[in-house]
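Visitor: Sending over a structure as structure tokens; questions will come in a sec.
The values are calculated or read from the model by the stated rules, or taken from the named source; none is laboratory data. Not measured: the values here are computed from a predicted model. A quick note on method: Cβ atoms are made from the backbone with ideal geometry, for glycine too, and the neighbour counts reach across all protein chains shown. Ligands, DNA and RNA are excluded from the accessible area calculation, which covers all protein heavy atoms including side chains. Shrake-Rupley method; radii C 1.70, N 1.55, O 1.52, S 1.80 Å.
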There are 2 protein chains.
Amino acid sequence: MTHPWTPITGGVTAPEGFLAAAVTAGLKASGRPDLSLLLAPVGAVCAGSFTTSLVRAACVDLCAERLAAGGGHARAVLTNSGQANACTGERGLADSLRATAELAARLDLAPDEVLICSTGVIGVPIPMEVLVAGLDPLVAALGPTGGGAAAEAILTTDLVAKEIALEAQLGGRRLRIGGMAKGSGMIHPDMATMLGYLTCDAGVPADIWQDMVKRAVDRSFNAITVDGDTSTNDTYLAFAAGEPLGPEHFEALEAGLTAVSQHLARAIARDGEGATCLIEVRVEGSADDAGARAIARTVAGSSLVKCAVHGRDPNWGRIVAAAGRARVAFDPAAVALWLGDHQLMASGQPLPFDRPAASAYLKARAAGAYLVDDTVEIHLRVGEGPGSGSAWGCDLSDQYVRINADYTT
Amino acid sequence: MTHPWTPITGGVTAPEGFLAAAVTAGLKASGRPDLSLLLAPVGAVCAGSFTTSLVRAACVDLCAERLAAGGGHARAVLTNSGQANACTGERGLADSLRATAELAARLDLAPDEVLICSTGVIGVPIPMEVLVAGLDPLVAALGPTGGGAAAEAILTTDLVAKEIALEAQLGGRRLRIGGMAKGSGMIHPDMATMLGYLTCDAGVPADIWQDMVKRAVDRSFNAITVDGDTSTNDTYLAFAAGEPLGPEHFEALEAGLTAVSQHLARAIARDGEGATCLIEVRVEGSADDAGARAIARTVAGSSLVKCAVHGRDPNWGRIVAAAGRARVAFDPAAVALWLGDHQLMASGQPLPFDRPAASAYLKARAAGAYLVDDTVEIHLRVGEGPGSGSAWGCDLSDQYVRINADYTT
């Protein structure tokens, strides 16, 4: 997709008018920053996407209810890392209500304008006195360059912070979109959650913004898989506030929104527990885009494909077998498959290919260096239809098993 | 489920009139037996269940077509292990047709009465001259005690053969049901397939038999998961032939059919690649049985649950999080959870429990000994509804990753 957006620094505070802050309140045993605050300008619209799990934390219910009741408007979001506040019963909801009320009073906002996200251990309540004691210094720290600190404070088991900002000239003005996220395994040993936040300094009607964000999420966060597990707390909140942007620029705006969301989603997959590379699966030729995305996601999520990539084994049989179980109609006899530039199949049958070269392609990709090319590209054509789509995942290593089999006893 | 069935020996040849045989034709590099034959009595009905993958082998298409065209009748099934004959294009179908025609001539049957299953490497054609040369000795070896040999010859990467037979007194006569199966990972490095075969010496109308088998498969093979991957060749064939059985005994017959199918399915899960234990997930209290089975299967298939069990870690948070994403409605506040006899949750919230004792319960279960109790029981109550169901899986070990990441290059 070509679009006018170029990278800049600043994360979620790159867009004009957005403030952020972080402090160490003492919620994490590690002593790392654990309270993060993002404040949007007056009039901000906010679109939320939440975990589809039935078992979801009180803070997720609260966010969803407030956004629905407020017609897609919100001003602030507090994130506490250390305790997920999931499976904590009525106390969990009372704690979420109290945290947002205390913060709202300090920001001179109505409680309904304040959202909360929690990440950390499931089943353990938030030590509320510790959290509340952290709110004054948190509000005092709010500033227009707080994006980086805020991105650090939402992390739990992540190896690296994940943030990005883009800017473009649209309608004769400079627009910016910023984002930050956390998440590695969908649930580390009791550590819940993928969280994502996006900011944008364009004014967009709430309903149009909601639709744009939904499409961007389908093409990003809903297209990544680390281990197929969904957490109790997964949340993506996208804020937009600023001078109204003309509808003729909505398509370009959505392209930026999608690019930021995809960058964050890929960063989460790349940071998958025990992962040594990012896997990008691109599917084309299906009847529609949704079918292509479903096939791509099934391939990216296949344990056998993930193990083969980990072993740097160009195992085409596993890729087509995974595609075949995606519950999407296609003609197996039309399948063509590439691994990087190496074509492995045509017309549904294996081609002779340079196996050492294909294996070398895989071996050259490793996330350890992080800034080099660590992306294994799998490209599948399933027919002549107009549908296309991508998904991202990571390899499955014995390190993943060791991380997740750690004795807590 | 109480039923009148008790275990006997003999596998698929325990039921009267069924013959089986195996030979080493030379299809496997290992030099182990690789051709297996099962012959049913005149008039046998046969119900088939096949992989739901779009990418399926020619032999699967052939079996499905012949059973549909023949009104659910078949007499013989040939199994070759070594080559899966999947992704082999038109040649694959021609080879399946030729193999069954050659065998039909030797058995004096119509080709349409003969089925074929293939398992082994995907994308590699069957060396047909080797297979055909094995047919004469295979037919010569047919006998009423060939079940054990036949069960050995269908294996690929399995560690153990999987067979069972049950008998009961029904309607004043002795009835028997036998079964054999293969499969460990759904696809080992290019090694495809779960295969299962059931025999029964009761006469049952084809349509009723088909319905019975479908329900038994839903409660057995469709309720196991090793790694979530489905092969190109998965097939279950259930034969019944003998004196007609009165409809008043169909319920008891179906109980035996289900017991044999569940035994074979559990044996496949227990033999999962790298597995050290069997995981049995029992769910009750859902609106219907299908919902309970869906929840059970999601829990049994969760990588995080599998890793936790491998680490002998009583990690209840992962179990309820997996249940929550099964896309089945239930009230999270009603959830109760047991691990063996240890209750970990009530009313949707964690209970204090004896963590060392629960961990010891997990540690005592290991499939290495195979004959001791290696089953980790997870019991989840999700409400007061009438639905119940079970699923089976195995733990996820670093050994699984090593097996599946092996370099083929």
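Visitor: Select from the range B:367-409 the residues that are at pLDDT below 85, more than 14 Å from chain A (Cβ to nearest Cβ) and open to solvent by less than 40 Å² (accessible area, probe 1.4 Å) and list them in ascending order.
Guide: B:367, B:374
Visitor: Determine whether the range A:300-315 contains at least one residue that is open to solvent by 20 Å² or more (accessible area, probe 1.4 Å), within 11 Å of another protein chain (Cβ to nearest Cβ) and under 14 Å from residue A:379 (Cα atoms).
Guide: No, the range A:300-315 contains no residue that is open to solvent by 20 Å² or more (accessible area, probe 1.4 Å), within 11 Å of another protein chain (Cβ to nearest Cβ) and under 14 Å from residue A:379 (Cα atoms).
Visitor: Continuing with the same structure: Identify, from the list B:62, B:27, B:39, the residue that is closer than 22 Å to residue A:324 by Cβ and in contact with a helix residue (DSSP H, G or I) (Cβ under 9 Å, 6 or more places away or on another chain).
Guide: Result: B:62 is the single residue among B:62, B:27, B:39 that is closer than 22 Å to residue A:324 by Cβ and in contact with a helix residue (DSSP H, G or I) (Cβ under 9 Å, 6 or more places away or on another chain).
Visitor: Can you pull out the residues in the range B:25-39 that are part of a loop (DSSP other than H, G, I, E, B) and either within 14 Å of chain A (Cβ to nearest Cβ) or under 20 Å from the mean Cα position of the chain (by Cα) (or both)?
Guide: Correct list: B:34 only.
Visitor: Hey, another quick one. Would you check which residues across the range A:190-233 are out of contact with any Lys or Arg (no Cβ under 7 Å at 6 or more places or on another chain), in a loop (DSSP other than H, G, I, E, B) and either away from every other protein chain (no Cβ under 14 Å) or more than 26 Å from residue A:294 (Cβ to Cβ) (or both) and list them?
Guide: Across the range A:190-233, the qualifying residues are A:190, A:202, A:204, A:205, A:219, A:220.
Visitor: From the list B:148, B:242, B:179, which one is more than 14 Å from chain A (Cβ to nearest Cβ) and assigned to a loop (DSSP other than H, G, I, E, B)?
Guide: B:242 is the lone residue from the list that is more than 14 Å from chain A (Cβ to nearest Cβ) and assigned to a loop (DSSP other than H, G, I, E, B).
Visitor: Would you pick out the residues in the range B:203-221 that are touching a residue at least 12 places away in the same chain (Cβ under 8 Å) and charged (D, E, K, R)?
Guide: B:207, B:214, B:215, B:218, B:219
To keep it simple, each residue is scored yes or no on (1) aromatic (Phe, Trp, Tyr); (2) more than 20 Å from residue B:199 (Cβ to Cβ); (3) touching a Lys or Arg at 6+ places or on another chain (Cβ under 8 Å).
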site	(1), (2), (3)
B:16	no, no, yes
B:22	no, no, no
B:25	no, yes, no
B:54	no, yes, yes
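Visitor: While we're on this one: Residues that are over 17 Å from the mean Cα position of the chain (by Cα), within 22 Å of residue A:16 (Cα to Cα) and modelled with pLDDT of 95 or more: does the range A:209-225 have at least one?
Guide: Yes, because at least one residue in the range A:209-225 is over 17 Å from the mean Cα position of the chain (by Cα), within 22 Å of residue A:16 (Cα to Cα) and modelled with pLDDT of 95 or more.
Visitor: Considering B:31, B:17, which residue is without any contact (Cβ under 8 Å) to a residue 60 or more places away in the chain and over 18 Å from residue B:66 (Cα atoms)?
Guide: Answer to the check: B:31.
Visitor: Next up: If we keep just the residues of the range A:83-125 that are over 24 Å from the mean Cα position of the chain (by Cα) and in contact (Cβ under 8 Å) with a residue 60 or more places away in the chain, which is nearest to residue A:55 (Cα to Cα)?
Guide: Looking at the filtered set, the residue picked out is A:103.
Visitor: Show the residue pairs meeting these rules: Cβ distance below 8 Å; 6+ apart or different chains; first residue within the range B:222-250 and closer than 13 Å to residue B:196 by Cα and of a type in the set (A, V, I, L, M); second residue modelled with pLDDT of 95 or more and in a loop (DSSP other than H, G, I, E, B).
Guide: B:237/B:74
Visitor: Okay, next question. Filter the range B:336-357 down to residues that are within 8 Å of another protein chain (Cβ to nearest Cβ) and touching a Ser or Thr at 6+ places or on another chain (Cβ under 8 Å) and give me whichever is surrounded by the most Cβ atoms within 10 Å (Cβ to Cβ).
Guide: Here the residue is B:349.
Visitor: When you scan the range A:366-375, do you find a residue that is part of a strand (DSSP E or B) and within 30 Å of residue A:161 (Cβ to Cβ), even just one?
Guide: Scanning the range A:366-375 turns up at least one residue that is part of a strand (DSSP E or B) and within 30 Å of residue A:161 (Cβ to Cβ).
Visitor: Next question. Which condition number in (1) surrounded by fewer than 16 Cβ atoms within 10 Å (Cβ to Cβ); (2) farther than 21 Å from residue A:404 by Cβ is the one that residue B:363 fails?
Guide: For residue B:363, the exception is condition (2).
Visitor: Looking at A:271, A:289, can you tell me which residue is more than 14 Å from chain B (Cβ to nearest Cβ) and either within 30 Å of residue B:307 (Cα to Cα) or open to solvent by less than 10 Å² (accessible area, probe 1.4 Å) (or both)?
Guide: A:271
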